[in-house]
Amino acid sequence: MPSRSPLPPSPPPVEIRTWPDRGALLRDRALVLGELVRMFIGPGRLGILWMWAGIAALGWSVVGSAFLMFEDAYDPLGVVPGVICLAIGAAVLVPAAVLMAVGLARDLRVHRLLMEWGGLDRDPEGDRALRRPRASLAWLLMSFPLCATGLFCCVAVPATARAGQETYGLVAWLMGLGFIAWVTGLTGLIKAFAHRRWVLRVLAGVPAEPLIAVDG
């Protein structure tokens, strides 16, 4: 989920602000908030999140294949294909997981900037374009089924193992895929609710703490 677009700086402290009038402040505020909203809840962000999640799932699928190979191996030579698959899967999974984490950290910074710039002033008429109800609804509708499916896999699959219906390698593979789906869906849900709360509380002028806590 990383992006090449640099993040705007935080608004300057009150004592060193140089806007000549309120109109200039509102214009800069609208420009920065428009870019931040695009970075946080834009449709491309959802595609990037799912892309990295899909790559991570692909990597874990290769790792899961290695687990199954280890279970089926009858001699030391039989584990060689599994070791190869394990190395390939890790080479795909680890970078995707790292980039997802980097993207999540960036989202936290973007949300903090949204809180800071949104709190500078109020502009009810100009802020209408920042509400993006369709975008947040799309995040919600696309993330909830993925989150629920992933959570179901994480809970239901171990039960099949205890019942002796699945091998441990297959259970690990399915639970890993379920965990990736759950994390991806949960991320989308949190972002959808965070944006909606920002719209209702910050743009409406009601003081509120950020939904996503950020230190620093």
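May I ask which residue of Leu130, Val155, Val98 lies farthest towards the positive end of the charge dipole of the chain, with charges of +1 (Lys, Arg) and -1 (Asp, Glu) on Cβ and the Cα centre as origin?
Most positive-ward Cα: Leu130.
Residue by residue, what Karplus-based ³J(HN,Hα) values in Hz, rounded to whole numbers, does the stretch 44-53 have, using 6.51, -1.76 and 1.60 with θ = phi - 60° and x for Gly and Pro?
Once θ is set to phi - 60°, the couplings for the stretch 44-53 become x, 5, 5, x, 5, 4, 5, 4, 5, 5 Hz.
For the chain, what does the helix formula give at 222 nm: sum of -39500 (n - 2.57) over DSSP H segments with n ≥ 4, over the residue count, nearest 500 deg cm²/dmol?
My calculation for the chain gives -25000 deg cm²/dmol from helical runs alone.
For the chain, modelled as a GNM with alpha-carbon contacts under 10 angstrom, which of Leu58, Leu31, Leu114 fluctuates the most?
Of the options given, Leu31 has the highest mean-square fluctuation.
Report, to the nearest 10°, how far helix 80-118 tilts away from the longest principal axis of the Cα atoms in the chain, using its own Cα long axis and a range of 0 to 90°.
It works out to around 20 degrees.
Which one, Pro76, Trp139, Ile180, projects farthest toward the positive side of the charge dipole computed for the chain from Cβ point charges (K/R +1, D/E -1)?
Positive-end residue among those listed: Trp139.
Probe radius 1.4 Å, ligands and nucleic acids ignored: give me the carbon and sulfur share of the accessible area of the chain as a rounded percent.
Looking at the chain in its full context, I get 70 percent from C and S.
Relative to the longest principal axis of the chain, what angle (0 to 90°, nearest 10) does the C-alpha long axis of helix 133-162 take?
30 degrees
Convert 37 °C to kelvin, take the viscosity as 0.692 mPa s, use the Kirkwood radius over C-alpha pairs of the chain as Rh, and evaluate the Stokes-Einstein diffusion coefficient in µm²/s, rounded to a whole number.
Approximately 167 µm²/s, per Stokes-Einstein.
To the nearest 10 degrees, how steep is helix 168-197 against the longest Cα principal axis of the chain, on a 0 to 90 scale?
Helix 168-197 sits roughly 10 degrees off the main axis of the chain.
Can you work out the accessible area per residue across the chain, with the rest of the protein chains kept in place, probe 1.4 Å, in square angstrom?
55 Å²
Across all directions of projection, what mean area in square nanometres is found for the Cα convex hull of the stretch 1-102?
9.0 nm²
Might you report the magnitude of the Cβ-based charge dipole of the stretch 120-180 about its Cα centre, with Lys and Arg at +1 and Asp and Glu at -1, to the nearest 20 debye?
120 debye
When the dipole is taken about the Cα centre of the chain, and only Lys, Arg (+1) and Asp, Glu (-1) are charged at their Cβ, what size is it in debye, to the nearest 20?
820 debye
The values are calculated or read from the model by the stated rules, or taken from the named source; none is laboratory data. These figures come from a predicted structure and were not determined experimentally. Cβ atoms come from the backbone with ideal geometry, glycine included; neighbour counts cover every protein chain shown. Just so you know, the surface numbers come from the protein's heavy atoms only, side chains and all, with ligands and any DNA or RNA stripped out. Shrake-Rupley method; radii C 1.70, N 1.55, O 1.52, S 1.80 Å.
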